[in-house]
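Starting off with a structure, shown below.
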Amino acid sequence: MPEEIKRFGVSMESELLTEFDRYIADHAYTNRSEAIRDLIRRALVQEEWTHDRETVGAINLVYDHHVPELSRKLNQLQHDFPGHVIASLHVHLDHHHCMEVVVARGRAHEIKTLADRLIALRGVLHGALTGSSAGAPGGAGRHHEHPHPHPHD
């Protein structure tokens, strides 16, 4: 069921509004409201990571698969975080390079630790963690923190 939309006014300097309208156009938003909602969601997700709440993250790695033992170490590290790694995708980029995307869920510091350890491995050429919310940012839609084998209708 859709949530009720509340309206409120926002006051800002003319120059800031001009910059915001440029941001809206550059990012293909259809209106100011959607841009404001996205910026608020982004800030709330950042708060979840700052306060070590339950989060989800995508760890992107590009690596040279000819580096001895690297594939085994990548796999082992993922197994060292049981219950955190929920999916991974392996892509062959060319004869020497692969990309791996590891999706992990858990407290922010746990996901950051996993990402740091994966990215630090010898042979990883580039790595980045993209953090997101494990639910609706700011608590909307959250009932409690535990695995969800049952529906919340």
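The values are calculated or read from the model by the stated rules, or taken from the named source; none is laboratory data. Predicted model only: the values in this text are computed from it and were never measured. So basically every Cβ, Gly included, is an ideal-geometry build from the backbone, and we count neighbours across all protein chains shown.
Quick check on region 78-91: of everything there that is loosely packed, with under 11 Cβ neighbours inside 10 Å and among the aliphatic types (A, V, I, L, M), which residue is nearest to Gly135 (Cα to Cα)?
Among those that are loosely packed, with under 11 Cβ neighbours inside 10 Å and among the aliphatic types (A, V, I, L, M), it is Ala87.
Which is touching a residue at least 60 places away in the same chain (Cβ under 8 Å), at negative phi and part of a loop (DSSP other than H, G, I, E, B), of Glu48, Glu3?
Glu3
Tally the residues that are farther than 12 Å from Leu61 by Cβ and among the hydrophobic types (A, V, I, L, M, F, W, C), restricting the search to region 74-100.
Matching residues across region 74-100 total 4.
Every residue, every condition in (1) in contact with a helix residue (DSSP H, G or I) (Cβ under 9 Å, 6 or more places away or on another chain); (2) within 30 Å of Arg122 (Cβ to Cβ); (3) charged (D, E, K, R), yes or no:
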position	(1), (2), (3)
Glu15	no, no, yes
Arg22	no, no, yes
Ala25	no, no, no
Ala28	no, no, no
Glu34	yes, no, yes
Glu48	yes, no, yes
Asp52	yes, yes, yes
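When you scan region 68-77, do you find a residue that is part of a loop (DSSP other than H, G, I, E, B), modelled with pLDDT of 95 or more and surrounded by fewer than 16 Cβ atoms within 10 Å (Cβ to Cβ), even just one?
Yes, there is a match, as at least one residue in region 68-77 is part of a loop (DSSP other than H, G, I, E, B), modelled with pLDDT of 95 or more and surrounded by fewer than 16 Cβ atoms within 10 Å (Cβ to Cβ).
Listed here are the residues, each with its yes/no results for (1) closer than 24 Å to Thr130 by Cα; (2) surrounded by 10 or more Cβ atoms within 10 Å (Cβ to Cβ).
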{"position": "Lys6", "(1), (2)": "no, no"}
{"position": "Val10", "(1), (2)": "no, no"}
{"position": "Arg32", "(1), (2)": "no, yes"}
{"position": "Ile36", "(1), (2)": "yes, yes"}
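While we're on this one: Scan Asp153, Asp94 and give me the residue that is at pLDDT 95 or above, among the acidic types (Asp, Glu) and surrounded by fewer than 16 Cβ atoms within 10 Å (Cβ to Cβ). Step through it out loud before you land on a result.
Values: Asp153 fails: at pLDDT 95 or above.
Being at pLDDT 95 or above, among the acidic types (Asp, Glu) and surrounded by fewer than 16 Cβ atoms within 10 Å (Cβ to Cβ) holds for just one of Asp153, Asp94, which is Asp94.
Pairs please, first residue from region 18-40 and under 20 Å from Phe8 (Cα atoms), second anywhere and assigned to a loop (DSSP other than H, G, I, E, B), Cβ atoms under 8 Å, 6+ apart in sequence or on different chains.
Phe20/Met12; Ile24/Asn31; Ala35/His27; Ala35/Tyr29; Ile36/Val10; Asp38/Tyr29
Please verify whether Glu4 is at pLDDT 95 or above and of a type in the set (Asp, Glu), treating the condition exactly as stated. Let's see the steps before the verdict.
Working: at pLDDT 95 or above: no; of a type in the set (Asp, Glu): yes.
The answer is no for Glu4.
For region 83-131, give me each residue that is in contact (Cβ under 8 Å) with a residue 60 or more places away in the chain and either small (Gly, Ala, Ser) or out of contact with any strand residue (DSSP E or B) (no Cβ under 9 Å at 6 or more places or on another chain) (or both).
Matches in region 83-131: Ala108, Gly123, Gly127, Ala128, Gly131.
Same structure again: Answer yes or no as to whether Arg41 is in a helix (DSSP H, G or I) and surrounded by 11 or more Cβ atoms within 10 Å (Cβ to Cβ).
Against the criterion (in a helix (DSSP H, G or I) and surrounded by 11 or more Cβ atoms within 10 Å (Cβ to Cβ)), Arg41 qualifies.
Which ranges mark the strands (runs of 3 or more DSSP E) fully within region 83-134 that have 2 or more residues being of a type in the set (Asp, Glu), under 13 Å from the mean Cα position of the chain (by Cα) and closer than 19 Å to Lys73 by Cβ?
Answer list for region 83-134: none.
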